[in-house]
Amino acid sequence: VHFFEHCKDLEPGKWVRIGDWRGAADARDMIRAAIERGAGARSS
């Protein structure tokens with residue numbers, strides 16, 4: 001978490017807000033949803 005909290009410290013005007021940490025199942029769901037959105041964008 002430390003890296004993600006501070007990765008923008010040296011870039012003026014940029015910041016990071018950490019939400020909540022979720023498990024692998026949530027990550028897979030998010031990836032699937034992103035793939036579906038991408039496929040929909042290409043077909044339109």
(Q) Can you list residue pairs whose Cβ atoms sit under 7 Å apart, with the first residue in the stretch 10-23 being in contact (Cβ under 8 Å) with a residue 12 or more places away in the chain and hydrophobic (A, V, I, L, M, F, W, C) and the second being surrounded by 10 or more Cβ atoms within 10 Å (Cβ to Cβ) and part of a loop (DSSP other than H, G, I, E, B)? Count only pairs 6 or more apart in sequence or on different chains. (A) Val16/Cys7; Val16/Lys8
Q.
Tell me the residue from Arg28, Arg42 that is without any contact (Cβ under 8 Å) to a residue 12 or more places away in the chain and surrounded by 10 or more Cβ atoms within 10 Å (Cβ to Cβ), please.
A. Arg28
(Q) If a residue must be of a type in the set (A, V, I, L, M, F, W, C) and part of a loop (DSSP other than H, G, I, E, B), how many such residues does the stretch 16-25 contain? (A) 3
Q | Test: Gly13 is at positive phi and not in a helix (DSSP H, G or I) | A | yes
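Here, each number is a calculation from the coordinates, and none is a lab measurement. Fair warning: this is a prediction, and the values are worked out from it, not measured in the lab. Every residue, glycine as well, gets a Cβ built from its backbone with ideal geometry; the counts of neighbours run over all protein chains shown.
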